[in-house]
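In what follows, a structure is listed as structure tokens, so that the remarks can point back to it.
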Amino acid sequence: MSRQNFTQNLRLLCSYHPSIAEVSRRLGMNRQQIMKYLSGGAYPSASSMRRLCDFFGVEEYEIVMPSDQFRDIVRLKPSLPISAELAPPVVSSLLKLAAQQSSQLTRYTGYYYEFRYSFTTPGLVLKSLINVFESDGLVLYKSIERLRRHGPGAPPQPAAGTDIFKYLGLLLQVGNRIHMLDQEAIMGEELSHMILFPPYRSRISTLLGMKMGVTATEAHEPIAARVVLEKIGRRVEVRRALEHCGLHSANSDTVPASVLSYLDEPGNGGPALLHAHPGPKS
């Protein structure tokens, strides 16, 4: 059944591009091989599957989901690569810097849990999943948020797929700080930015810093909070990892005491969340 789902889902993904020839050219994959995948005559190897998923911006477990679920959850939009020659100088400079750093930034590849106070649901800690990976000479990442509530007294869960938000981003290092800049992957109407302290040990376990974004309310207020990234491995069972993601009470056992201590750290003035507002109208 997963093979049949894969074939249907791949057809959907390819439909966002001008032609199969264009897909094969950008993938660097033989057109006849892709046609075999689309007809159900062949199934990709592990390495080919990874290439396909990285190109289309999906996870391996997603591309074999039932097609109706895949369509609802992914709802991919086509995206075009930015040419460094055509981009404005500042963008071109950042892309070149990120490409030059890729070999040193690969130490950050792997899966992380992200912890921070929810921008939209005050008092609850949002636990999300991040995958940092290398692709086409850059270190990129995909973040998946689930806004379902965990624990006793949680309200009824949203319909399948409606509580999932995805972000695609770029990782680079500037001024001895790690910068992670991403865009919401479905509507493209939200950017967020993390600035993290690099680890001072060879083994990466946690990354600490600040995250800035906007609330999901109509006001779309700029907002910032401390953030903790906890590394959980180079490879994980994504479905199982996502089961632990969502909104958690601050005193829940699912939020490590060390994480909560940093998120609530006193000093440096201000509450756990820092809101901005437009001020009085002139």
Subject >> Spin-label model distance (nm) - Thr254 vs Gln4, 7 Å beyond Cα toward Cβ >> reply: 3.4 nm
Subject >> Contour minus Cα-Cα distance for Ser19 and Ser45 (0.36 nm per residue) >> reply: 7.1 nm
Original post:
Going highest first, how would you order 10-16, 201-207 by mean Cβ packing within 10 Å?
Top reply: 10-16, 201-207
**OP:** Within 10 Å, count the other beta carbons around each residue, average over each peptide in 49-58, 31-40, 107-116, and list them highest first.
**Re:** 107-116, 49-58, 31-40
Original post:
Is there a pair in Lys127/Lys166; Lys142/Lys211; Lys36/Lys142; Lys96/Lys166; Lys96/Lys211 whose C-alpha atoms are over 21 Å apart, and which pairs would that be?
Top reply: Lys36/Lys142; Lys96/Lys166; Lys96/Lys211
Subject >> Pairwise label distance in nanometres, Glu221 with Asp163, each label 7 Å out on the Cα-Cβ vector >> reply: 2.5 nm
Subject >> Cα centroid of region 14-52 to Cα centroid of region 186-216, whole Å >> reply: 33 Å
Subject >> Förster radius 30 Å - calculated FRET efficiency between Ala99 and Asn30, Cβ distance, rounded to 0.05 >> reply: 0.70
Original post:
Extension gain His193-Arg107, at 0.36 nm per residue separation less the Cα-Cα distance, in nm?
Top reply: 28.9 nm
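Read-outs throughout are calculated quantities, based only on the coordinates presented, and are distinct from any laboratory measurement. Here the structure is a predicted model, which is why all the values come from computation and not from measurement. When we count neighbours, we look across all protein chains shown, and the Cβ atoms used for this are built from the backbone with ideal geometry, even at glycine.
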